[in-house]
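Worksheet: the structure to be examined is printed underneath.
The values are calculated or read from the model by the stated rules, or taken from the named source; none is laboratory data. Keep in mind that this is a model prediction, so the values were computed, not measured. Please note: Cβ atoms are built from the backbone with ideal geometry, for glycine as well, and neighbour counts cover all protein chains shown. Just the protein is used for accessible areas: all its heavy atoms, side chains included, with ligands, DNA and RNA removed. Shrake-Rupley method; radii C 1.70, N 1.55, O 1.52, S 1.80 Å.
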Amino acid sequence: MLTITLPNQDKKKYNQPVTSMQIAEDISKNLASNAFVSLVNGELWDLERVIEVDSTVSILTQKNKEILDVIRHDAAHIMAEAVLELFPETQATIGPSIENGFYYDFFREKKFSLTDLEIIEKRMHEIVDREEKIIREVWSRDDALDYFKKSNEKFKMELVDAIPQNELVTFYRQGDFIDLCKGPHSPSTKKLGHSFKLTKLAGSYWRGDSKNDVLQRIYGTAFLNDKDLKS
């Protein structure tokens, strides 16, 4: 028997492992519809990640401040998906959320232009409207290395090598796009909404070292609504 403790200290019992989304659905359809991610024993988790031990679980919606970082991370992945669809010769490297938005670093011989940013942003809106499911996958280290070796993605291979042996190697898939990532992410691209903007281009170095390859960084920002985006 699995015991889930909610924020109000109510307890729910399950006969088998359960996901945060299932818990949300048991509480109310409205909560499930508005959920982005969950807090499981104080750690941010995807809604479809399976909980196998007694845990304290909070379902997070737009009312929770932690969601802003999640949607900005979603936006970074959606931007990378857009870039790779439009410019398939590009390699995606790293794309986190940051204090005021997000960025993604790309390796590409030809420089991006401001016009390219407009095209990428338009494609991002299309990807949001596709409502692609965002799915977490756990891979073996060897499978991850083989995957990136086949596409000659040396940057991602280096990132896999840097993951400590005791940590899981996790990927996130949305549509045809898949990325090495710890997560968490919201359930689908639609959760991002349309309150985002690509803001500028900059140069960077792989892993911040001037001895390494020069990359192109695209910055953006994302909010939960247009009012916050425009303010």
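Going by the structure shown, is residue 123 outside any helix (DSSP H, G or I), closer than 30 Å to residue 38 by Cα and not aliphatic (A, V, I, L, M)?
Details: outside any helix (DSSP H, G or I): no; closer than 30 Å to residue 38 by Cα: yes; not aliphatic (A, V, I, L, M): yes.
Spelling it out, it is not the case that residue 123 is outside any helix (DSSP H, G or I), closer than 30 Å to residue 38 by Cα and not aliphatic (A, V, I, L, M).
Please find, among 86, 114, the residue that is aliphatic (A, V, I, L, M) and exposed (fewer than 13 other Cβ atoms within 10 Å of the Cβ). Can you show your working first?
Values: 86 fails: exposed (fewer than 13 other Cβ atoms within 10 Å of the Cβ).
After ruling out the rest, the residue left standing is 114.
What are the residues in the stretch 129-142 that are part of a helix (DSSP H, G or I) and either farther than 21 Å from residue 184 by Cα or in contact with a Pro (Cβ under 9 Å, 6 or more places away or on another chain) (or both), if any? Before the answer, list the steps.
Keep residues of the stretch 129-142 that are part of a helix (DSSP H, G or I), which gives 129-130, 141-142.
Hit for the stretch 129-142 is 142, nothing else.
Taking the residues in the stretch 184-211 that are at pLDDT below 95 and assigned to a loop (DSSP other than H, G, I, E, B) as candidates, determine which candidate is most open to solvent (accessible area, probe 1.4 Å).
In this case the residue turns out to be 211.
In the stretch 56-69, is there at least one residue being touching an Asp or Glu at 6+ places or on another chain (Cβ under 9 Å), outside any helix (DSSP H, G or I), open to solvent by 30 Å² or more (accessible area, probe 1.4 Å) and modelled with pLDDT of 95 or more?
Taking every residue of the stretch 56-69 in turn, none turns out to be touching an Asp or Glu at 6+ places or on another chain (Cβ under 9 Å), outside any helix (DSSP H, G or I), open to solvent by 30 Å² or more (accessible area, probe 1.4 Å) and modelled with pLDDT of 95 or more.
Here's a check for you: in the stretch 18-39, which residue that is part of a strand (DSSP E or B) and open to solvent by less than 30 Å² (accessible area, probe 1.4 Å) is nearest to residue 186 (Cα to Cα)?
Residues of the stretch 18-39 part of a strand (DSSP E or B): 18-19, 37-39.
Filter again for open to solvent by less than 30 Å² (accessible area, probe 1.4 Å), leaving 18-19, 37-38.
Working: 18: 17, 19: 14, 37: 6, 38: 9 Å.
Ranking the qualifying residues of the stretch 18-39, first place goes to 37.
For the stretch 158-174, name all the residues that are assigned to a loop (DSSP other than H, G, I, E, B) and within 30 Å of residue 230 (Cα to Cα). Lay out the reasoning, then the answer.
Here is the first cut: in the stretch 158-174, the ones assigned to a loop (DSSP other than H, G, I, E, B) are 163-168.
Selection gives nothing.
Listed here are the residues, each with its yes/no results for (1) in contact with a Ser or Thr (Cβ under 7 Å, 6 or more places away or on another chain); (2) closer than 30 Å to residue 125 by Cβ; (3) open to solvent by less than 40 Å² (accessible area, probe 1.4 Å).
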residue: 142; (1), (2), (3): no, no, no
residue: 146; (1), (2), (3): no, no, no
residue: 152; (1), (2), (3): no, no, no
residue: 155; (1), (2), (3): yes, yes, yes
residue: 163; (1), (2), (3): no, no, yes
residue: 178; (1), (2), (3): no, yes, yes
residue: 181; (1), (2), (3): yes, yes, yes
